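First up is the structure itself, then whatever we jot down about it.
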Amino acid sequence: MASSWKKYVLWFAQEHVDFRQAEIASLLRVWNIPMNTAKNHRPENPFWVVELQGEEDARKLASRSMSLRCIFELWSHTNLLGAFHDQLNGYIKSNMASLGPLFREDRSLKVTVETYNKHFSQAEKVAKIETLHYLPVTGPVNLKTPDVHFWYIEFWGLDPMNVPEAPLDVLFGRWVADGRRDMINEISLKKRKFIGNTSMDPQLSLLMANQGLVRQGDLVLDPFVGSGSLLVAAAKFGAYVLGSDIDYMTVHGKSKPTRVNQKVREADENIYANLKQYGCEDRFVDVLISDFSRSIWNTNLMFDSIITDPPYGIREATECIEFKTQRRATCLNEGVVHYPSTSPYQFDQLYRDLMNFSARYLKLGGRLVCWFPVLRKDFTDEMLPRHKCLKLVANSEQTLTVYSARRLLTYEKVSDRVEDLDSYELAQAMVDTFRRRYMNMVQQTSGTRKERRAALRDVGREEAMRRGKTLDADGKWKFMSGRGDKADK
Ligand SMILES: C[S@@+](CC[C@H](N)C(=O)[O-])C[C@H]1O[C@@H](n2cnc3c(N)ncnc32)[C@H](O)[C@@H]1O
């Protein structure tokens, strides 16, 4: 029904820019929401104009998104300031039958001006609001809790070193819903009861749960569970969660405390306590101690998604229990505890186990979401693991250092043909351990200390600009007009 399409603006926070398209695509799948988008859309821009079939779909999308600041219904959009007012005025006049109620006497309103990548004083912003004098407003202004909230936005590009003469885009619309960035703060690691050295950042954990299409009542597994951050995110979206890890001390909160000012861990620091802290302990199934290279799972068990952050061997050890081909004579007596020796879990073997396991234990349509470390210099998509039962549906990069990045891979199970269950493949170039390739690269390209610092600064500058920050006169990177630089009416 082409006539029911309506234009909306997806307004993104300038953070983890490479993840936003994948997240929206996943959320569309969660509710089977249809969406149209222009071919010339530039994903690095914070505003994405799309067509949806109504406000309910817009609200659903926003209700789970970590990337979205908010969604608003688009009334006018142009790159020419002069044409903007004609367009907006024309839109209101021709849609007065449906828009009229928004301007009724008993409905309070607010207009917020936001300028992106260019600073305007409060007085200049108020002047911009005054150019909207033709809005047929009759209700009172309410800056705190308006019934109707309008946004007037000027987008002056992303590069603070190269601000254009005129705004690249001017947008006006009616606010519909905020994204769920509040959840990032809600499950912040700062206030979390139990954390470990490699606890996953809350925003990325929630993004991963969205990539996994986690729904109420799903069963989700993290086979490298650590302190269980990924279980927290999945449980927040209503999944029953299950984890396993080789390290008893980590999982049971017996390792050295992670917080600098904490001397000893509390007795009840554990994954269950975290779920309880966030009110989702009823979603906790269990956490088991097990080496992933030796599967312990009943073959009848099926997961809706497997969401995990495997060890790469840079910050944490990759280990698995050694397989002995020959039994050695042992001096152990009956009843004496035997601690098996471990050896490094080879990079290629770990991903082979993870993908072959996912091919077996995921439901059809279920998703494997996992991180994969890469060296930024030589990365190509051909280097990613492949499997005949698992289709790669998203692949987003998070920069880690000058040399390295990790990519969040999302695979969907598309087949359960028995003959393909072990069809994992990895490019030969990647078979060597990531750690060894990383260390080689660091040695080869390290240069002088001065050069390394300069390279690090370049990465920092790139990331700050991507996040919409500008370099202040005092040499600090700050959010300027893109955040909190608003004028209200
Ligand atoms: C990157 S950490 C996971 C961190 C976790 N996502 C969190 O938020 O705390 C990787 C985990 O894999 C575990 N691990 C390493 N080798 C393993 C193996 N062979 N089987 C199962 N777990 C293993 C480590 O003990 C570590 O806790």
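Since every read-out is calculated from the coordinates, none of them should be taken as a lab result. These numbers come from a predicted model, not from an experiment. Virtual Cβ from ideal backbone geometry, glycine too; neighbours counted across all protein chains shown.
What the table shows:
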| quantity | calculated |
| --- | --- |
| Stretch gain in nm, segment residue 462-residue 249, where the contour uses 0.36 nm per residue and the Cα spacing is subtracted | 72.8 nm |
| Mean Cα-pair separation over length for region 154-261, i.e. relative contact order, pairs under 8 Å, 6 or more apart, % | 19 percent |
| Karplus 3J(HN,Hα) series, Hz, for region 472-477 with 6.51 cos²θ - 1.76 cosθ + 1.60 (x for Gly, Pro) | 7, 4, 7, x, 9, 7 |
| Segment residue 201-residue 131, length gained on full extension (0.36 nm per residue, minus Cα span) | 20.9 nm |
| Ranked list, fewest to most other Cβ atoms within 10 Å of each Cβ, for 159, 422 | 159, 422 |
| Leading residue at positive end of dipole, region 40-186 (Cβ point charges), from 72, 90, 166 | 72 |
| Vicinal HN-Hα couplings computed from phi for region 381-392 (Karplus, 6.51 cos²θ - 1.76 cosθ + 1.60; Hz; Gly/Pro x) | 4, 5, 7, 7, x, 10, 7, 5, 8, 10, 9, 6 |
| By average C-beta atoms within 10 angstrom, highest first, the peptides 357-363, 248-254, 91-97, 231-237 | 231-237, 357-363, 248-254, 91-97 |
| Nonlocal amide H pairs with residue 470, under 5 Å, H built at 1.01 Å | 478, 479, 480 |
| Rounded to whole Å, sorted largest first: equivalent-ellipsoid semi-axes of region 6-179, Cα gyration tensor | 25, 22, 15 |
| Other-chain or far-sequence residues with amide H under 5 Å of residue 213's (modelled H) | none |
| Efficiency of FRET between residue 405 and residue 95 - r from beta-carbon atoms, R0 41 angstrom, step 0.05 | 0.35 |
| Sequence of 133, 119, 85, 387 once ranked by neighbouring C-beta atoms within 10 Å, starting from the fewest | 133, 119, 85, 387 |
| Summed residue charge, Cβ within 10 Å of residue 362's Cβ, Lys/Arg positive, Asp/Glu negative | +1 |
| Chain lengthening between residue 29 and residue 277 when straightened (0.36 nm per residue, less Cα-Cα) | 86.3 nm |
| Percentage relative contact order, region 6-179, counting C-alpha pairs under 8 Å, at least six apart | 28 percent |
| Long pairs among 191/469; 144/191; 191/391, criterion Cα-Cα beyond 31 Å | 191/391 |
| Alpha-carbon centroid distance for the pair region 363-402 / region 229-297, whole angstrom | 25 Å |
| Nearest-0.05 FRET efficiency for residue 166 and residue 422, computed from C-beta distance (R0 60 Å) | 0.55 |
| Estimated vicinal HN-Hα couplings, Hz - region 344-358 in sequence order (Karplus 6.51, -1.76, 1.60; Gly, Pro = x) | x, 7, 5, 3, 5, 5, 4, 6, 4, 4, 5, 6, 5, 5, 5 |
| Amide H within-cut-off set for residue 168, under 5 Å, with H built and near neighbours excluded | 155, 156, 157 |
| Stokes-Einstein translational diffusion, region 96-140 - Kirkwood Rh over all Cα pairs, 0.890 mPa s, 25 °C, in µm²/s | 202 µm²/s |
